[in-house]
Structures are given as C-alpha cells and as structure tokens.
Amino acid sequence: MRFLLLLLFSSSVLALKPHMATYTLSASNFEIGKEVRTLHKEKNVYYYTAHAETTGLASLIKNYEIHSKSIFIIDKSGLHSKHYQNFERDGNKIKKDFNVRPTGQQVDSLNRLLAITYELENNPEKKDFQLLVHDGSAPEKQYYQQLPSGDDNLIKVTSKERNLTAFFAKDKYYLPVLVRRNKFTYKLDTIEFN
C-alpha cells in the first residue's frame with residue numbers, strides 16, 4: 001500500500017492546475033484499491049491531499065487506509081515541500097503516523113511525481129531528474145530518466161533503482177496517468193480540473 005503514496009501529479013507552466021483525480025490501484029491485474037487526490041492553491045501555496053483505501057474483495061483480506069497531505073511552493077528552481085503529513089492504518093493497527101517539515105530543495109513522497117510533472121511541463125525535452133525526497137524519516141536522493149514512450153501524447157519516466165515506470169499525459173497537463181512498480185499498477189480513472 002505504500003505504493004499509493006508514490007504517485008502524484010500536477011499541471012500548468014507557471015503553476016500547477018488545481019484538480020481532483022481518482023486512481024485505481026491493481027496488483028497483478030486485480031483491483032485492490034481506490035485513491036482520490038486533490039490539489040488546490042491559496043496565495044501561491046499549494047495543498048495536495050490523498051485518501052486511499054482498499055476496496056472490494058481486497059478490503060476483506062486487508063483493510064488498509066492512507067491519508068496524506070503535502071503543502072508546497074513553487075519558485076524558479078522548482079517545487080519545494082514545506083509540510084508533509086502521512087497516516088497509514090492496517091485494520092486497527094497504525095502503521096505510520098508522521099508530520100515533517102522538509103527544508104531547502106526537498107520534495108516529499110506525496111508530491112515527488114508532481115515535481116517531475118512541473119519539470120516536464122516547463123521543459124518536455126528534459127531527460128534526467130534528480131530529486132531529494134523526504135519520506136517522513138529522512139531525505140533520500142532519487143534518480144529518474146525520460147525514455148521514448150512510443151506515443152506522442154505520453155512521456156515515459158523510469159527509475160531503475162525504484163523499479164518504477166510512469167507515463168505522463170501531455171493532454172492532461174502532464175499528470176501521470178499510469179504508474180507501474182513491481183507487480184502494482186496505478187491508473188488514472190477520472191480527473192476534474194478546477
């Protein structure tokens with residue numbers, strides 16, 4: 001379920017476009033969960049939330065729920081996290097509960113793909129991405145690379161070290177529409193821009 005937190009999105013050249021999106025999480029082609037992500041902006045500060053939970057038969061086997069919130073800004077050097085909260089529950093057991101304030105050029109686990117989205121929108125030819133990602137315990141350098149996707153509308157970005165492949169759609173303000181990691185797939189179902 002931590003995989004749900006990997007995935008993020010955004011939009012617009014000078015600013016990310018506020019939106020609400022619904023994603024489906026599958027494992028080995030079996031739907032196991034849903035997530036709703038919301039991005040809004042107030043006075044040049046962005047608020048990004050995610051609520052994910054297991055659904056259907058998967059919820060009978062594992063009742064897992066995640067609530068996350070990221071507050072960040074964007075300046076000429078990119079996206080920077082200011083506050084990151086994450087709460088994860090498995091049944092009645094709390095798995096994670098943290099509240100951190102990343103510093104400097106850091107992004108967080110919730111907004112990491114938004115940071116790539118922002119970079120792609122401003123420079124679609126960019127091939128290499130290095131992010132300093134705070135996961136709630138400590139910052140870690142992560143590397144991503146753009147590869148040919150075979151589709152004019154999609155930009156493919158991979159991370160070999162994280163075994164992750166993400167497809168960002170140009171016609172959806174460069175939001176990730178499909179993310180694969182190990183046996184998990186995260187797919188955009190609906191999006192509504194505000």
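The values are calculated or read from the model by the stated rules, or taken from the named source; none is laboratory data. In this text, all values refer to a predicted model and were calculated from it rather than measured experimentally. Quick reminder, even Gly has a Cβ in these numbers, built from the backbone with ideal geometry, and neighbours come from all protein chains shown. All accessible areas refer to the heavy atoms of the entire protein, side chains included, with ligands and DNA or RNA removed. Shrake-Rupley method; radii C 1.70, N 1.55, O 1.52, S 1.80 Å.
At 1.4 Å probe size, put Glu65, Glu161, Glu140 in order of accessible surface, largest to smallest.
Result of the area sort, largest leading: Glu161, Glu140, Glu65.
In whole percent, and with a 1.4 Å probe on the protein chains, what portion of the accessible area of the chain is carbon and sulfur?
Carbon and sulfur: 49 percent of the exposed surface of the chain.
Return the FRET efficiency for the residue pair Ser28, Lys160: r is the Cβ-Cβ distance, R0 is 25 Å, and the value is rounded to the nearest 0.05.
The value I calculate is 0.70.
I need the phi-derived Karplus couplings for the range 121-127: 6.51 cos²θ - 1.76 cosθ + 1.60, θ = phi - 60°, integer Hz, Gly and Pro marked x.
Coupling constants for the range 121-127: 5, 7, 8, x, 8, 4, 9 Hz.
Could you tell me whether the range 26-81 comes out rounded, prolate or oblate from its Cα gyration tensor? Rule is a ≥ b ≥ c as square roots of the eigenvalues, rounded for a/c under 1.5, then prolate if a/b exceeds b/c, otherwise oblate.
Prolate shape, in that a/c is at least 1.5 and a/b is the bigger ratio.
Express in Å², to the nearest 10, the accessible area of Phe30 obtained by rolling a 1.4 Å probe over the protein heavy atoms while all chains stay in place.
Rounded to the nearest 10, that gives 100 Å².
With label points built 7 Å along Cα→Cβ from the Cα atoms of Lys95 and Asn182, find their separation and express it in nm.
A separation of 1.1 nm, rounded to one decimal place.
Any idea how far the Cα center of the range 139-179 sits from the one of the range 44-111, in Å?
20 Å
Residue by residue, what Karplus-based ³J(HN,Hα) values in Hz, rounded to whole numbers, does the range 146-160 have, using 6.51, -1.76 and 1.60 with θ = phi - 60° and x for Gly and Pro?
Here the 3J(HN,Hα) series is 7, 10, x, 9, x, 9, 4, 8, 10, 10, 9, 10, 10, 9, 5 Hz.
For Gly33, what residues show an amide H to amide H distance below 5 Å, using hydrogens built from the backbone and excluding near sequence neighbours?
Hits under the 5 Å cutoff: Leu25, Thr55.
Whole-Hz ³J(HN,Hα) for each residue in the range 27-36, computed from phi via Karplus 6.51 cos²θ - 1.76 cosθ + 1.60 with θ = phi - 60°, x for glycine and proline: what do you get?
Listing the rounded values in order: 10, 6, 6, 10, 5, 10, x, 10, 9, 10 Hz.
Using +1 on the beta carbon of Lys and Arg, -1 on that of Asp and Glu, and nothing else charged, what's the dipole of the chain about the Cα centre, debye to 20?
It comes to approximately 320 debye.
Along Cα→Cβ, 7 Å out, is where each label goes; now give me the distance between the ones at Asp171 and Asn122 in nm to one decimal.
2.7 nm
Taking 0.36 nm per intervening residue step and subtracting the Cα-Cα distance, what contour gain separates Thr103 from Lys43 on full extension?
That pair, Thr103 and Lys43, stretches by 19.6 nm at full extension.
Show Lys69, Lys43, Lys141 ordered by accessible area, largest first, where the area counts protein heavy atoms only and the probe is 1.4 Å.
The most accessible residue leads, giving Lys43, Lys141, Lys69.
When Cα extents along the principal axes in Å is calculated directly from the model, which label among (i) 69, 40, 27; (ii) 54, 41, 31; (iii) 45, 38, 34 fits?
Of the labelled values, this structure produces (iii).
Amide H of Lys17: which non-local residues (sequence gap of 5 or more, or other chain) have their own amide H closer than 5 Å, using H built in the peptide plane?
Residues meeting the amide H criterion: Ser11, Ser12.
Would you please give the residues with an amide H less than 5 Å from that of Leu164, counting only those at least 5 places away or on a separate chain, with H modeled from the backbone geometry?
It is Ser159, by chain and number.
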